[in-house]
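The structure is given below, and queries will be raised subsequently.
Read the figures in this text as sums done on the coordinates, not as results from a lab. Note that this is a predicted model, so its numbers are computed, not measured. Positions of Cβ are generated from backbone atoms using ideal geometry, with glycine treated the same way; all protein chains shown enter the neighbour counts.
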């Protein structure tokens, strides 16, 4: 089967994929990079700006990622006071194919696309934003409606996260308005890129996922993986700023537990110090604490004769 984009339900390890349905653990290799490169691009702005999460974003005007951008993008005509202005107040709108090129070198990256479907101009209606997004050169989104997605999720803005494996010197992210709908356009509010280790590989170099039946399943180097959910099992939700190093968003796992058997939650002994492998230490830029919030709890499910 030729599959280039997998959808994953991510917990502390990986869980459910869509094609085929797999539940399993990632066999991770121990070749993490020595440091974590982070890029935050606020589209439609210039210079530096600080978001509500206290992180600093770079405007795309005059940036090296597409030198043709010389003017500011439009601002949302209305924005709720609870919504962060950075990167969601401004936008970059495309009526034809457009590419950002990020010279970050080869390797696995987290690519996060920030969308705020709103009225930015009387000429562009949110419902007309239907487009395709590609990256190195996997098609991540096709005939995608940000307006319908936000309505379905009942949110003002959302973030889509992918793990992409870059083999070229640069990661090219391309936006293409749909040809199937009149007046369609593409847009983006913010782009976030982080260099990460290739957790889909083994020490022997063969990327595999092992499902519950211990059947190896290969993830090809050219495939991209989309994060659907990341669950903090047995713990509370964790915001990106509370995560250690990679600014990942973690959900409470309780709403996703099927049935009434929630099990028993166990918490780590506060007098016990967590130890991490060298790859985890390198992943979190040398921090010895690592992702402590996600590793301080566990859930032991109730098992019955039907389990």
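Just give me the residues in segment 142-154 being closer than 16 Å to residue 116 by Cβ and in contact with a strand residue (DSSP E or B) (Cβ under 7 Å, 6 or more places away or on another chain), in sequence order.
Correct list: 144, 145, 146, 147, 149, 150.
Taking segment 148-176 as the search range and keeping residues that are assigned to a loop (DSSP other than H, G, I, E, B) and farther than 28 Å from residue 64 by Cβ, which one is farthest from the chain's Cα centre (by Cα)?
Step by step, filter segment 148-176, then rank; the result is 154.
Starting from residues that are in a loop (DSSP other than H, G, I, E, B) and in contact with a strand residue (DSSP E or B) (Cβ under 7 Å, 6 or more places away or on another chain), keep the ones in segment 73-91 and report whichever is surrounded by the fewest Cβ atoms within 10 Å (Cβ to Cβ).
74
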